[in-house]
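The values are calculated or read from the model by the stated rules, or taken from the named source; none is laboratory data. Here the structure is a predicted model, which is why all the values come from computation and not from measurement. All Cβ positions, glycine included, derive from the backbone under ideal geometry; neighbour counts span all protein chains shown.
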Amino acid sequence: MDHDGPAACEGWNGSECEGTPHCPPRCPRFVDETGDRWTVRPAVREDAAALAEMYEGFGGDDRAQGLPPVTRERRAEWIESTLADGCNVVAERGGEVLGHATYTPTDAARPELAVFVHPTAQGRGVGTELCRHVIANAAAAGGDGLELHVEAGNHVARRVYRNVGFELVERRHALRMALDLDDPVATAVRWPPLAREGPAAPAAGESPAADRSHAPADD
């Protein structure tokens, strides 16, 4: 299901974008470390089939804390409950869902964050961007903080979480990390692209005029 149209501005060079009152907490446009273009947007219940397809590609090494569940039936139940009870975002490339992040329960002062990226899309910065979207959404919703659990040996995930502001608060079988949403990082992730990145030259084939004519509907 392709949601790119209504979710993103017309151009991909956001260096001149100052945001509008209609923008969501974080701009949905994202260019990964290889130059591929992504849209990160709120997930809806109709995304259940796309998420089920994405999680089909997860092996044992791609699971954390028992998630996603191994069997199709249990995965379907988990996806349904997560979409119903959590605040979810998905990352799409070319209309294909390859990343998913959630915090739940949404009525908790410090809900738990979980982030998943398809094995073929890892190492591109997608997980980091998903984390930033969840932080921005939780801060905009007035939450106090976020928490997560990560296995001690998962050094890649731990580095991602540290980079977006999470700090270690407890060591048990898994590590518990937390981020207070009054931390400056929770404000910085909500800045528009111009404030975050500063002016930049237009991408090849894009005119400066096109960059200044953005009319965000959901960005």
Inside segment 147-190, the number of residues satisfying the requirement of being under 25 Å from Cys23 (Cα atoms), among the hydrophobic types (A, V, I, L, M, F, W, C) and out of contact with any strand residue (DSSP E or B) (no Cβ under 8 Å at 6 or more places or on another chain) is 2
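Out of the residues in segment 87-118 meeting the condition of being in a strand (DSSP E or B) and of a type in the set (Val, Ile, Thr), tell me which one is farthest from Phe58 (Cα to Cα). So that I can check it myself, show each step before the final result.
Applying the first criterion (in a strand (DSSP E or B)) to segment 87-118 yields 87-93, 96-104, 112-117.
Filter again for of a type in the set (Val, Ile, Thr), leaving 89-90, 97, 102, 104, 115, 117.
Details: Val89: 18, Val90: 16, Val97: 13, Thr102: 17, Thr104: 22, Val115: 13, Val117: 9 Å.
Checked segment 87-118; the qualifying residue farthest from Phe58 (Cα to Cα) is Thr104.
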Counting only residues that are in contact with a strand residue (DSSP E or B) (Cβ under 7 Å, 6 or more places away or on another chain), of a type in the set (Phe, Trp, Tyr) and part of a helix (DSSP H, G or I), segment 29-55 contains a total of 0
Flagged pairs (Cβ under 7 angstrom, 6 or more apart or on separate chains; first in segment 62-76, over 26 Å from Gly123 (Cα atoms) and of a type in the set (A, V, I, L, M); second at pLDDT 95 or above and assigned to a loop (DSSP other than H, G, I, E, B)) are none
Of the conditions (1) modelled with pLDDT of 95 or more; (2) over 17 Å from the mean Cα position of the chain (by Cα), the single one that Val70 does not satisfy is (1)
(1) in contact with a Lys or Arg (Cβ under 7 Å, 6 or more places away or on another chain); (2) buried (at least 17 other Cβ atoms within 10 Å of the Cβ); (3) of a type outside the set (Lys, Arg); (4) farther than 21 Å from Trp38 by Cβ all hold for Pro69 apart from (2)
Looking at segment 112-134, can you tell me whether even one residue there is of a type in the set (Lys, Arg) and within 24 Å of Thr34 (Cα to Cα)? yes
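Going by what's in this entry, would Thr82 be described as in contact (Cβ under 8 Å) with a residue 12 or more places away in the chain, surrounded by fewer than 19 Cβ atoms within 10 Å (Cβ to Cβ) and touching a Ser or Thr at 6+ places or on another chain (Cβ under 7 Å)?
On the way: in contact (Cβ under 8 Å) with a residue 12 or more places away in the chain: yes; surrounded by fewer than 19 Cβ atoms within 10 Å (Cβ to Cβ): no; touching a Ser or Thr at 6+ places or on another chain (Cβ under 7 Å): yes.
Answer is no for this residue.
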Selection from segment 120-178 of residues free of Cβ contacts under 8 Å to residues at least 60 places away in the same chain, on the phi > 0 side of the Ramachandran plot and surrounded by fewer than 16 Cβ atoms within 10 Å (Cβ to Cβ) yields Gly142
